[in-house]
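Peer 1: Before I ask anything, let me first share the structure, which is written out below as structure tokens.
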Amino acid sequence: MRFYKNNNKNLVHKLNNAEYVCVSVISKIEFLAFPQITRNDKEIFNNFLKIVDIIDLQSSDEILIDSIIHLRQEYKLKLPDAIIVATAKVSDSILLTRDKELLKLSLNYVESF
């Protein structure tokens, strides 16, 4: 994973000091489906997933669904991005990202690392 390879101290610091760390199931799928993922990256990520919560997308979660719809309509986000951002919002978490488009949203729960 790039933040481990590049020794991204800021991200590691944020993760180590977080009260709660979760990953959207969409982020899990996107990372593991990345065409250039190495076996080592996959192993590191899977180990990371063992110690964090994975937030699923369930049709019965009306709050999450409504948030996804709102973000898609308001910011014209791609569906996977809307799901990831909404997951952070409804779980009262900070989304750590390097995605420039998401950072342009200026939402108080979306931060760069």
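Nothing in this text is a laboratory measurement; each read-out follows from the coordinates by a stated rule. Worth saying up front: this structure is predicted, and the values here are computed from it rather than measured. Cβ placement follows ideal geometry from the backbone for every residue including glycine, while neighbour counts extend to all protein chains displayed.
Peer 1: Choose one of 17, 75, 45: the residue whose Cα lies farthest towards the positive end of the charge dipole of the chain (beta-carbon charges +1 Lys, Arg; -1 Asp, Glu; about the Cα centre).
Peer 2: The listed residue farthest towards the positive side: 45.
Peer 1: Scan region 2-86 for trypsin sites (Lys or Arg not before Pro) in coil per DSSP, keeping those whose Cβ has at most 13 other Cβ atoms within 10 Å, and list them by number.
Peer 2: Hits after loop and neighbour filter: 76, 78.
Peer 1: Multiply the residue gap between residue 37 and residue 90 by 0.36 nm, knock off their C-alpha separation, and tell me the result in nm, one decimal place.
Peer 2: 16.1 nm
Peer 1: Would you work out the relative contact order for region 2-112, in percent, from Cα pairs under 8 angstrom that are 6 or more residues apart?
Peer 2: 21
Peer 1: Could you run the Karplus curve 6.51 cos²θ - 1.76 cosθ + 1.60 with θ = phi - 60° over region 27-39 and give me ³J(HN,Hα) per residue in whole Hz, x for Gly and Pro?
Peer 2: My calculation for region 27-39 gives 5, 4, 4, 4, 5, 6, 8, 4, x, 9, 5, 8, 4 Hz in order.
Peer 1: Over the chain, one equal point on each Cα, no solvent: what is log10 I(q)/I(0) by the Debye formula at q = 0.11, 0.14, 0.24 Å⁻¹?
Peer 2: Log10 of I(q)/I(0), two decimals: -0.36, -0.59, -1.60.
Peer 1: Give, as a single signed number, the net charge of other residues whose beta carbon lies under 12 Å from the beta carbon of residue 83, with Lys and Arg counted +1 and Asp and Glu -1.
Peer 2: Net local charge, residue 83 excluded: 0.
Peer 1: Let's see if you can work this out: charge +1 on each Lys and Arg Cβ, -1 on each Asp and Glu Cβ, no other charges. What is the dipole magnitude of region 2-112 about its Cα centre, in debye to the nearest 20?
Peer 2: With Lys and Arg at +1 and Asp and Glu at -1, about 640 debye.
Peer 1: What lysines sit close enough to residue 14 to cross-link, taking a C-alpha to C-alpha distance under 20 Å and skipping anything fewer than 8 places away on the same chain?
Peer 2: Output for residue 14: 5, 28, 50, 89, 100.
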